[in-house]
1. Enumerate the strands (runs of 3 or more DSSP E) found wholly within the range 352-457, keeping only those where 1 or more residues are among the hydroxyl-bearing types (Ser, Thr, Tyr) and surrounded by 15 or more Cβ atoms within 10 Å (Cβ to Cβ).
2. Quick one: ASP269 ticks every box in (1) surrounded by fewer than 19 Cβ atoms within 10 Å (Cβ to Cβ); (2) not in a helix (DSSP H, G or I) bar one, so which box is it?
3. Test PHE273 against the criterion of being over 23 Å from LEU193 (Cβ atoms) and touching a helix residue (DSSP H, G or I) at 6+ places or on another chain (Cβ under 6 Å), and give yes or no.
4. How many of the residues making up the range 312-336 are in a helix (DSSP H, G or I) and either within 26 Å of ALA32 (Cα to Cα) or modelled with pLDDT of 85 or more (or both)?
5. Only one of LEU336, LEU343 is closer than 28 Å to ALA420 by Cα, in contact (Cβ under 8 Å) with a residue 60 or more places away in the chain, assigned by TED's automatic domain parsing to the domain that holds THR448 and touching a Phe, Trp or Tyr at 6+ places or on another chain (Cβ under 6 Å); which?
6. Do you know which residues across the range 53-74 are modelled with pLDDT of 95 or more, part of a helix (DSSP H, G or I) and crowded, with 24+ Cβ neighbours inside 10 Å?
7. Any idea which of LYS337, LYS374, LYS358 is charged (D, E, K, R) and under 35 Å from the mean Cα position of the chain (by Cα)?
8. Within the range 279-311, count every residue that is in contact with a Ser or Thr (Cβ under 7 Å, 6 or more places away or on another chain) and at pLDDT below 95.
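The values are calculated or read from the model by the stated rules, or taken from the named source; none is laboratory data. What you are looking at is a predicted structure, and each value in this text was computed from that prediction instead of being measured. Cβ sites come from the backbone with ideal geometry, for glycine too, and all protein chains shown count toward neighbours.
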Amino acid sequence: MKIHENILSTIGNTPLVKLNRITKDVAATVLAKVETFNPGNSIKDRMAVKMVEDAEKAGLLKPGYTIIEGTSGNTGMGLAIGAIIKGYKCIFTTTDKQSKEKVDILRAFGAEVIVCPTNVDPEDPRSYYSVSSRLVKEVPNSWKANQYDNPSNAQAHYESTGPELWEQTGGKIDHLVVGVGTGGTICGTARFLKEKNPNLKVWGIDTYGSVFKKLKETGIFDKNEIYPYITEGIGEDFVPQNVDLDLIDHFEKVTDRDAAIYTRKIVKDEAIFVGNSAGAAIAGLLQLKDNFKKGEVVVVIFHDHGSRYVGKMFNDDWMRERGFLVEEKPTAGDLLKGKDLALLSVEAEEPVLNAIDKMRRHNIDQLPVFEGGKPVGTITDARLFDAILEDADVRTQKARVVMGAALPVLKVDATLDEVAAKLGNGSPAVLVQMPVTPSGVEAFGILTKQDIIGKLR
């Protein structure tokens with residue numbers, strides 16, 4: 001039998017997945033390290049358990065002890081999993097900007113969670129850093145993980161994430177894109193990979209309101225750079241000891257809005273349900289796309305799971321309140337969804353009788369006329385009426401005799417405005433050119449004013 005003795009041994013060996021749609025404008029191959037497959041649904045499981053095990057070896061953490069940590073949620077989840085298996089209690093401090101889902105999940109795992117204000121200095125006694133430091137002095141037999149300065153954080157990624165990426169890519173990795181918070185993930189992974197490939201470029205994703213980018217570029221820790229931001233999982237208002245700026249080649253800042261929009265877009269384009277830091281990472285990667293060449297391999301880390309953000313980035317009301325929601329108008333392809341795409345038409349050489357029969361049986365008032373697979377005209381009930389009144393024998397003649405102008409043809413990605421403009425210009429319908437089938441056949445859909453009305457209802 002192939003079994004795991006407990007859940008901790010399932011941490012790591014997460015899949016590397018090629019991105020296709022969301023990175024279609026990037027010349028290089030883009031691969032995502034999907035860390036949601038860890039038992040705590042985030043990359044933080046790796047370093048949380050490493051910190052616990054290293055503390056046990058050092059005699060800092062003993063049976064019956066309480067683990068204390070300031071966390072945005074994911075590290076706490078990893079620590080909580082380790083605590084359950086190993087028999088510890090947990091007390092976590094977090095900020096009021098973190099999603100409710102993160103807090104609820106930590107409590108579900110038996111942890112005590114203390115929510116602290118976000119908009120205070122790290123040194124403020126109310127900050128989640130300060131509160132966790134105070135608690136470790138007050139709570140008997142307690143140990144603070146201190147993910148920001150604990151070297152086991154970066155070491156976990158040096159020992160696991162880096163080697164996994166090297167093996168999974170067969171040593172073919174040119175760029176690493178990672179959101180930067182504690183610095184453990186990016187620096188531990190980068191240290192291993194740069195030892196293997198000194199030419200590897202490491203791109204750190206930062207957020208506006210964080211200090212990393214200016215510090216890297218100027219050497220100046222500018223407190224004026226610090227202000228509240230919404231993006232979760234990246235950015236800091238101080239410099240953790242796990243951040244080794246020499247290992248990071250460049251920092252790219254991403255707005256809260258773009259991070260939120262791309263968090264949703266990853267799901268819609270790639271069917272990978274990930275969190276806010278992944279959205280920031282992809283937004284940053286796309287901003288940097290001119291640095292990635294054809295034939296190169298770019299790896300981006302998807303840190304955590306989208307379930308922790310259903311009340312925020314995946315909530316339309318929350319997005320709308322902050323002006324983040326992009327109200328996308330449907331395309332011609334969207335309007336065709338749910339319709340029977342078997343287009344009713346008649347060939348130009350067919351008798352008019354065939355057109356009359358199709359229009360009567362299907363209760364339609366216009367019928368496209370095709371020749372050689374191309375639309376060449378349209379038969380409408382009005383033209384038929386006039387033609388039959390003039391000559392009843394027209395029914396036996398070819399359809400081209402009674403056809404009018406061909407319906408306008410639009411691409412499948414035509415906007416609603418483009419469709420409406422054609423229909424508003426006197427055309428009873430428009431044809432939508434669908435992607436060519438594998439056998440090389442051109443296919444068409446048809447849209448009328450009723451289709452638009454039905455979509456906007």
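1. So the answer is 374-380.
2. (2)
3. Details: over 23 Å from LEU193 (Cβ atoms): yes; touching a helix residue (DSSP H, G or I) at 6+ places or on another chain (Cβ under 6 Å): yes.
So PHE273 passes the test.
4. 6
5. LEU343
6. none
7. LYS337
8. 3
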